[in-house]
Amino acid sequence: MESKNLKLEIEKVADKFLAASENKEIFVISHFDTDGITSATILIQTLKKLDKIFSVKILKRIEDDTIENLPKNKLILFLDLASGSLDKIAENNLENVFIIDHHEVNQKIPENVNIINPQLNGKEELSSSSLVYLFCKEICEDTKELAKLAILGMIGDCMEKSIDKLNNLIINDGEVKKRRGLLIYPSTRPLNRTLEYCSDPYIPGITGDTKGVIELLREVGIGAPNGKYKSLIELDEEEMSKLVTSIILKNPKVKNRELIGNIFLIKFFNKLEDARELSAMINACSRLGETDTAIQFCMESPKAKKRTELMHTKYKQHIISGLKSASESEKIEGKGFVIINAKEKIKDTIIGTIASILSNSSVYEDGTIIFTMAYYENKIKVSARSVGRNGRNIREILTSTMQSIEGEVGGHKFAAGCMLSQEKENEFITNLKKNLEIELVKV
């Protein structure tokens, strides 16, 4: 598609939105991950300032009947969703539809749809929350305090390593403090707890292992003289160097990854916090079904903070048990791929996180595609990740696999997923294996 200037496109769509919403109620539909929740919160706060009438719905995904059941008398605004549902939108003759998203667009854009998507504008690496923030800056002047939420969404979608001009502008607006350090979070909490719950990178014998953590810190020479360990950002250069070396020895694969990088510290609840932890806390609430709490937390509600901390602890425990279940689950392995069918053993809301953690561990070689499957009601959720974020296009493989099976496919080149009926489980696995073998021949 023709590359356009994204900033000009945002300005144009913002003008159309203001005109279309003048005497119309707005129905906002956003995704339930960190990027979607922060996108929704930025928009909610902005629409309140503009005194607009609106309602919000948070979704795990767009189901078959989602678009059919949309109100015809309201202006529809999708956030972090719908780039893969353009055909369905066209079929349902909706009048005013706006989409702010960053996922791939593979369908024709209907005339009634106004879309902001960097995939159509030079493929700049921007999260949906960044796009929503830039959009809200156009429709309302006083939005600077919302920039930090855009940064949390950016980090939730692992985009902090590819910061361009537009993201830099948002970081400056958000008054973020940047420090160089070990990219394990949270950098502001005691080191023993940070290492025990560390999943990116996954460290064998350390992640989820209290005794392993204490032994590692003893080997490195980091003690707890007053019964409390230092935080990562309190380590001196020698301590940091020894810790990095020990982690590399435990997980040799991390040699190929950037262990040291920028740590983003954001003022939240009047205290500097590690943005990665805040992002993970928002994600935890949503994955455990408390999207309202996640939004209230983004609005810095003290009551929501306590609940979010509880949800985050619970979620980390789910992840540790999910990793154990993944190691015990039925696997189909081939050249350059593994299919892990967890069935009902892992919640559908965390199966994508498990796939991401495994793709960052030393278990599989670079370029291996990890497909994880989990039951959800009478359906199966599939989440796939590429180890090292290189190799074959996962979204294309899933799209090809699902041609004879009814269901939605979404995502990116190296991180994608789909949903299908449990009745189609065997057909999906057969098709997937066939497509993976064909793709391997192509490569």
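The values are calculated or read from the model by the stated rules, or taken from the named source; none is laboratory data. This structure is a prediction, so every number in the text was calculated from the model and none was measured. We place every Cβ from the backbone using ideal geometry, glycine too, and count neighbours over all the protein chains shown. Areas reflect the complete protein model, heavy atoms only, side chains present, ligands, DNA and RNA absent. Shrake-Rupley method; radii C 1.70, N 1.55, O 1.52, S 1.80 Å.
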For the cross-link pairs LYS324/LYS381; LYS242/LYS347; LYS314/LYS413; LYS314/LYS379; LYS49/LYS305, which exceed 29 Å when the distance is taken from alpha carbon to alpha carbon? LYS242/LYS347; LYS314/LYS413
Just for the Cα atoms in the range 344-420, what are the lengths along the principal axes, largest first, rounded to whole Å? 33, 27, 14
Pairwise Cα inverse-distance average, inverted: Kirkwood Rh of the range 124-249 (Å): 16.5
Under 10 Å, Cα contacts only: if you run a Gaussian network model on the chain, which one of LEU398, LEU216, LEU152 comes out with the highest mean-square fluctuation? LEU216
Measure off, as a whole percent, the carbon and sulfur share of the 1.4 Å-probe accessible area of the range 344-443, all protein chains present. 46
First measure r as the distance between the Cβ atoms of LYS324 and LYS242, then evaluate 1/(1 + (r/R0)^6) with R0 = 25 Å and state the FRET efficiency to the nearest 0.05. 0.25
GNM on the chain, C-alpha springs below 10 Å: top fluctuator among LEU131, LEU81, LEU70? LEU70
Between THR188, THR430, THR143, find the one with the highest GNM mean-square fluctuation for the chain; connect C-alpha pairs within less than 10 Å. THR430
In debye, nearest 20, what is the charge dipole magnitude of the range 174-242 about its Cα centre with +1 on Lys and Arg Cβ and -1 on Asp and Glu Cβ, if you could check? 220
Surface accessible to a 1.4 Å probe, TYR185 within the full protein complex, Å²: 80
From largest to smallest, what semi-axes in whole angstrom does the chain give when each is the square root of 5 times an eigenvalue of its alpha carbon gyration tensor? 35, 29, 19
Suppose each label sits 7 Å from its Cα in the direction of the beta carbon; what would the GLU300-ASP65 distance come out to in nanometres? 4.2
May I ask you to give the percent of accessible area on the range 174-321 that is carbon plus sulfur, with a probe radius of 1.4 Å? 47
Please report Rg (one decimal) and Dmax (integer) in Å for the Cα set of the range 67-107. 9.9, 28
Probe 1.4 Å - accessible area at HIS318, Å² to nearest ten: 60
Distance (nanometres) between label positions extended 7 Å along Cα→Cβ at ASN172 and TYR376: 4.0
Any chance you could run the full-extension gain for LEU18 through ASN106? It's 0.36 nm times the residue separation minus the Cα-Cα distance, nm to one decimal. 28.9 nm
proj_area_mean for the range 57-156 (convex hull on C-alpha atoms), units nm², value 7.0
Kirkwood Rh for the range 278-392 from C-alpha pairs, in Å, is 15.0
